[in-house]
Amino acid sequence: MKMMERGQITIPKKYREKYGITRSTELEFVPVDEGLLLVKKTGGHSPLREVYGILKKNTSTDAYIDRIRGHA
């Protein structure tokens, strides 16, 4: 991808079709250690945001799963 003069980028058609991105889809850039993560903006809770980067936290995955399932 290449950024245009006004800061616009074009998402390749194969990705727009694969991920259901249309003209009305809101997208969001999320900063991560490796750069930027482009995600669809949703009005509700995003499971991806909840678990992204969990392995860098000082908790075990099993404890986290128990907690989100209401077992802890």
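Here are the numbers for the structure shown:
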{"item": "Region 1-41 - charge dipole about Cα centre, Lys and Arg +1 at Cβ, Asp and Glu -1, debye rounded to 20", "result": "340 debye"}
{"item": "Positive-end residue of Leu36, Met4, Tyr15, charge dipole of region 1-41 with Cβ unit charges", "result": "Tyr15"}
{"item": "Simple label model, 7 Å out from Cα along Cβ direction - Leu38 to Ala63, nm", "result": "3.7 nm"}
{"item": "19 Å Cα-Cα reach of Lys41 towards aspartates and glutamates, excluding residues that sit fewer than 8 places from it in its own chain", "result": "Glu17, Glu26, Glu28, Glu50"}
{"item": "Cα gyration tensor shape for region 1-41, rounded if a/c is under 1.5, else prolate or oblate", "result": "oblate"}
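Laboratory data are not the source of any read-out in this text; all were calculated from the coordinates shown. All values reported here derive from a predicted model rather than from experimental measurement. Neighbour counts are summed over all protein chains in view; Cβ atoms, including those assigned to glycine, are modelled from backbone coordinates with ideal geometry.
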